Amino acid sequence: MEPLAADLVPVDAVMGKALLHPTAPMGFQGIVAIDLQPIKGVCATVGKGAAFLASSTGHHFTFDYLPGQVNALSWVLRKALMGNCPQMPLKNKNLFLVGAVEPAVGDETSRDWYSFASYVVRKMKADTQMPLDRAERLGEMVKREVPYTADLVPIRTAPLDATHRSNKKKDEEMRRETAFAHLTVDSSRASADPTHEARALFKLLNIVEVNQDNEVTLVLTDGNRGIDNVDLHLLQREILVSLQPGTDIALKVTPRGIVLTILSHAGDKPKLAQTLLTVMNRGSNWNVPLRPFGVVTDTRIARIESHYTAKVSGTARKVHRQRKELLKNPFAGTVAETGGGGGFSPRYSGFPSGSAVVKLLSCLLYTSPSPRDS
């Protein structure tokens, strides 16, 4: 769901309906998880997302993300449901009161709530660098006693013994994968050589190629205030005056800004790059017409975001490690314009580009053929 700034979607209402419909099969519990991402442009440098996890047993968790961090809970849940969640030993009878269930002999396709929740909370503590007091409250929620029926969480069978782990590790070290990274950069600090900069970002992988996408995002002032009322027809006419004759463009309003796509020059990279450069240089001077209640007013463009797609390759194990590194240390926010080096940082990171510093707003790594398809 991508609501605009004027929309309000109560998270608890969405989770409540999802838990009720459809009803979980007999013997299993219902689990709902939601990942929230901050709307880019509203608070691009300090915006933080959050994640929520609720179960039909009555337990509920809230996880606060680091600035720029996204989909950490989705990553952990995927690993848990793929069979990486171990069965917790029942050391005392009190654990039965918090959702522990004695597993059936040979049952590797389900986990009790206590084992599942303990695994998720433990992983999220590490991935989100959770403060101690917050971690203690989540630990108390795991052990909270609720009226409980012995409902289980279904998982896929994944042997976790040493032999299977060793075989899996060998397979990942031998098998090579190709991945795609979608980079969003502040165009005022874009690098003339994105391939060189990408090598500093993906230290574990080989850079095959880096291409600039045929679209940019126009972020309006005051956190995209009034974006719901933008008159795209008038804006398109003003943009076309600044571009070469015959250039075809398309505009689309999204929560993170106005996406400007260059439809012409397909396959002609030099001409496309020249057109995008013109947009970056002249875009800050454009007036964005608004039409609230039929009255035409103007607003300005705060910044223009450029998008790049990097194709990288490496062993499956290195791709997995790089994705995990990006998850725990997101490339979001900005850094001061100093001569210091870049690298991974829990909150902010960047890398030098000549005398300036590239402002990298987001970096997402996919293993599907295209970031758009994932």
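The values are calculated or read from the model by the stated rules, or taken from the named source; none is laboratory data. Note that this is a predicted model, so its numbers are computed, not measured. Neighbour counts are summed over all protein chains in view; Cβ atoms, including those assigned to glycine, are modelled from backbone coordinates with ideal geometry. We work out accessible area using only protein heavy atoms, side chains counted, and drop any ligands, DNA or RNA first. Shrake-Rupley method; radii C 1.70, N 1.55, O 1.52, S 1.80 Å.
Just a few scattered comments:
- Enumeration of residues in region 80-95 that are open to solvent by 40 Å² or more (accessible area, probe 1.4 Å) and under 26 Å from the mean Cα position of the chain (by Cα): 81, 82, 84
- Breaking point among (1) at pLDDT below 80; (2) farther than 24 Å from residue 28 by Cβ; (3) open to solvent by less than 40 Å² (accessible area, probe 1.4 Å), for residue 49: (1)
- Residues of region 266-279 satisfying the condition of being buried (at least 17 other Cβ atoms within 10 Å of the Cβ) and either polar (S, T, N, Q) or in contact with a Ser or Thr (Cβ under 6 Å, 6 or more places away or on another chain) (or both): 275
- Taken as a whole, the structure leaves residue 203 outside the set of residues that are part of a helix (DSSP H, G or I) and not aliphatic (A, V, I, L, M).
- Selection from region 96-137 of residues that are among the small types (Gly, Ala, Ser) and buried (at least 20 other Cβ atoms within 10 Å of the Cβ): 99, 100, 115, 117, 118
- Remark: pairs (first residue in region 297-324, in contact (Cβ under 8 Å) with a residue 12 or more places away in the chain and open to solvent by less than 60 Å² (accessible area, probe 1.4 Å); second residue part of a strand (DSSP E or B) and among the basic types (Lys, Arg); Cβ separation under 6 Å; 6+ apart in sequence or on different chains) = 315/176.
- Residue within region 178-191 that is open to solvent by 90 Å² or more (accessible area, probe 1.4 Å), touching a strand residue (DSSP E or B) at 6+ places or on another chain (Cβ under 7 Å) and not charged (D, E, K, R) present: yes
- Within the option set 234, 251, 260, being in contact with a strand residue (DSSP E or B) (Cβ under 7 Å, 6 or more places away or on another chain), over 13 Å from residue 216 (Cα atoms) and at pLDDT 90 or above holds for one residue only, 234.
- Cβ pairs under 7 Å, 6+ apart, first in region 197-218 and free of Cβ contacts under 8 Å to residues at least 24 places away in the same chain, second open to solvent by less than 60 Å² (accessible area, probe 1.4 Å) and part of a strand (DSSP E or B): 199/207
- Among the residues listed as 111, 165, 122, 144, the single one being under 27 Å from the mean Cα position of the chain (by Cα) and among the charged types (D, E, K, R): 122
- Residue list for region 306-332, restricted to those being part of a loop (DSSP other than H, G, I, E, B) and of a type outside the set (S, T, N, Q): 330, 331, 332
- Taken together, the residues in region 223-255 that are open to solvent by 70 Å² or more (accessible area, probe 1.4 Å) and closer than 16 Å to residue 304 by Cα amount to 2.
- Evaluation of residue 291 against the conditions (1) surrounded by fewer than 16 Cβ atoms within 10 Å (Cβ to Cβ); (2) within 21 Å of the chain's Cα centre (by Cα) shows that the sole unmet condition is (2).
- For beta carbons closer than 7 Å, sequence separation of 6+ or different chains, a first residue in region 231-254 that is without any contact (Cβ under 8 Å) to a residue 24 or more places away in the chain and a second that is exposed (fewer than 13 other Cβ atoms within 10 Å of the Cβ), the qualifying pairs are 248/263; 249/263; 250/263.
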